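Heads up: the structure comes next, in structure tokens.
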Amino acid sequence: MDWMAGKELDRQDVMAKYKEEFFVEKDTIYMDGNSLGLMSKRAEAKLHSVMESWKTFGIDGWTEGEHPWFTLAEDMSTRIAPLVGAKAHEVMVTGSITSNIHQMLSTLFQPTPERFAILVDDLNFPSDIYAVESHLRLRGLDPSKALKKVGSRDGYTLQLEDIIEQLTDNIAILLLPSVLYRSGQLLEIREITEAAHKKGILVGFDLAHSIGAMPHQLHDDGVDFAIWCHYKYMNSGPGGTGGLYIHERHHHLLPGNAGWFGSDKTRQFDMDHEFSKAQGAGAYQIGTPHIFSMAPLLGSLELFEEAGIQTVRQKSLQLTALLRKLVNQQIPELTDVTPEQDDKRGGHIALAHPEAARICKALKKAKIIPDFRAPNIIRLAPIAFYTSFSDVEQVVAKLQDIMENETYKNFSNERNVVA
């Protein structure tokens, strides 16, 4: 991106109008949307609408009102599918990342004496590892032997050749993040999937830090399964219902964890003790949909459908390119650990510094909301919907001031204090 002033970039920004759609605290620049997205006015309105349905219809809210609850998850899944490049029947709005990992592994992980291990990576989010370890133990396997990890050469990123090298004959499933949460590295989803499939390995991706920030092509890339949350870039609110994708080639399988809402909708109220599973990803629902946790996503989806995920990605790349350019020019003491190429970068920039926790506290004091990740990472996520290019300039200017005047030293470096 050719350099120009933030105000000029803002004048050219086709997404600038969407900032008014979000609740942004006065005089605050929010750079933590990769951890929890801000509330939009439409999300608030949809939540109120669903609450009104409960107030008005009571039990009949399952079949009456603007958004009947009985088919709400299926209706929303059809709209989520284009964002992940899947067929509508391959996607379901349900559960959370961790519960959906449990569902996918309980369904697809079928270890044999020859092929019994699950491959993850050294940089993965802890909850994913906990879930994998639990499934190994449930199958009578020792995680110290059956949990394999791809190592990182620099502590921040993964190399494609290192991943492929670990695709040995004893691996049953490969589970990786699409975007590494600490560094913002975007992995090569298609290349990894193709390499694993050549070895007979099933492939799953955690899309927590990519859905809503960029387009995906899960079906065409041949990915076997994926899981994600909606409360980061998708702006569905804290604890919002997550999502899963399972390629149609696996739809013949019974869900590892069956539940009433995974039934064929036309037979669900037969109350038969013989499980009649839904034909697609709906079979992998377990419990009753969390209607209020899903409702804000209805409003958020409207914004994505209007703006277009390609446009969102284009602006996101411009914002992160400007951010890193200014940081590298003005604050060389911060180490940029996010890959440079557009096709290897997610939606945030990660900066390493020994005093990262204190720097984040100083930024918060200045009404700039960053994200800290132990032991030494400052994550800054300019969000396409509500971050302007001028905002990015202000963030870097304030960060430069904090570093030059060492005002971060006024704060403690206790990591557990920073969210």
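We did not get these values from a lab; they are worked out from the coordinates using the rules stated. This structure is a prediction, so every number in the text was calculated from the model and none was measured. Glycine gets a Cβ as well: all are built from the backbone with ideal geometry, and neighbour counts include every protein chain shown.
Numbers below:
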quantity: Linear extension gain, Gln12 paired with Arg139, 0.36 nm per residue minus alpha-carbon span; calculated: 40.1 nm
quantity: Total formal charge among the other residues, if their Cβ is under 13 angstrom from that of Ala73, Lys/Arg +1 and Asp/Glu -1; calculated: 0
quantity: Crossing angle, helix 356-365 versus the chain [Cα axis fit, 0-90 degrees, rounded to tens]; calculated: 80 degrees
quantity: Extended-chain gain in nm, criterion 0.36 nm per residue less alpha-carbon gap, Ala374 and Glu340; calculated: 10.0 nm
quantity: Beta bridges per DSSP with both ends in the chain, % antiparallel, nearest 5; calculated: 50 percent
quantity: Label zone at Asn170 (point 7 Å along Cα-to-Cβ), backbone N below 18 Å, the stretch 129-145; calculated: 133-145
quantity: Cross-link partners of Lys55 among aspartates and glutamates (Cα-Cα below 16 Å; sequence separation of 8 or more within a chain); calculated: Glu64, Glu66
quantity: Longest site-free stretch - the chain; sites: trypsin sites (Lys or Arg not before Pro), DSSP loop, at most 11 other Cβ within 10 Å; calculated: 154-419
quantity: Table column - 3J(HN,Hα) (Hz), the stretch 64-76, Karplus curve with 6.51, -1.76, 1.60, x for Gly and Pro; calculated: 10, x, 5, 10, x, 6, 4, 10, 4, 4, 5, 4, 5
quantity: Cα-based shape type of the stretch 169-309, given that a ≥ b ≥ c are square roots of the gyration tensor eigenvalues and the cut on a/c is 1.5; calculated: oblate
quantity: Potential lengthening between Trp62 and Lys26 on full extension [0.36 nm per residue; Cα-Cα distance subtracted]; calculated: 9.1 nm
quantity: Cα-projected label distance for Ala5 with Arg190, points at 7 Å along beta-carbon direction, nm; calculated: 4.1 nm
quantity: Thr288 versus Lys149: modelled label distance in nm, points set 7 Å from Cα along the beta carbon direction; calculated: 4.1 nm
quantity: Candidates Thr56, Thr78, Thr241: whichever shows maximal mean-square fluctuation once the chain is modelled as a Gaussian network with Cα springs under 10 Å; calculated: Thr56
quantity: Most mobile of Thr63, Thr288, Thr266 in a GNM of the chain (Cα contacts under 10 Å); calculated: Thr266
quantity: Computed helical MRE - 222 nm, the chain, DSSP H runs ≥ 4 contributing -39500 (n - 2.57), nearest 500; calculated: -11000 deg cm²/dmol
quantity: Efficiency of FRET from Cβ geometry, Ser127 and Lys55, R₀ 35 Å, rounded to 0.05; calculated: 0.50
quantity: Most fluctuating residue given options His102, His273, His216, as computed from a GNM of the chain linking Cα atoms under 10 Å; calculated: His273
quantity: 25 Å Cα-Cα reach of Lys277 towards lysines, excluding residues that sit fewer than 8 places from it in its own chain; calculated: Lys87, Lys265
quantity: Nearby lysines by direct alpha-carbon distance to Lys398 (threshold 23 angstrom, same-chain neighbours under 8 apart not counted); calculated: Lys7, Lys19, Lys26, Lys315, Lys325, Lys361, Lys364, Lys365, Lys367, Lys409
quantity: For Ala278, residues with placed amide H under 5 Å, excluding near neighbours; calculated: Ser263, Asp264, Ala283
quantity: Calculated FRET efficiency for the pair Thr266/Asn405, C-beta based, R₀ 60 Å, to 0.05; calculated: 0.35
quantity: Euclidean distance between Cα centres, the stretch 215-248 to the stretch 317-343, Å; calculated: 27 Å
quantity: Global geometry of the stretch 81-186, whether rounded, prolate or oblate, following the gyration tensor of its Cα atoms and the 1.5 cut on a/c; calculated: oblate
quantity: Residues of the stretch 54-84 with amide N under 20 Å of the 7 Å Cα→Cβ point at Asp220; calculated: 78-84
quantity: Global geometry of the chain, whether rounded, prolate or oblate, following the gyration tensor of its Cα atoms and the 1.5 cut on a/c; calculated: oblate
quantity: Net charge, Trp228 excluded, C-beta distance under 14 Å - Lys, Arg +1, Asp, Glu -1; calculated: -2
quantity: For Gln159, distant residues with modelled amide H under 5 Å away; calculated: Arg153
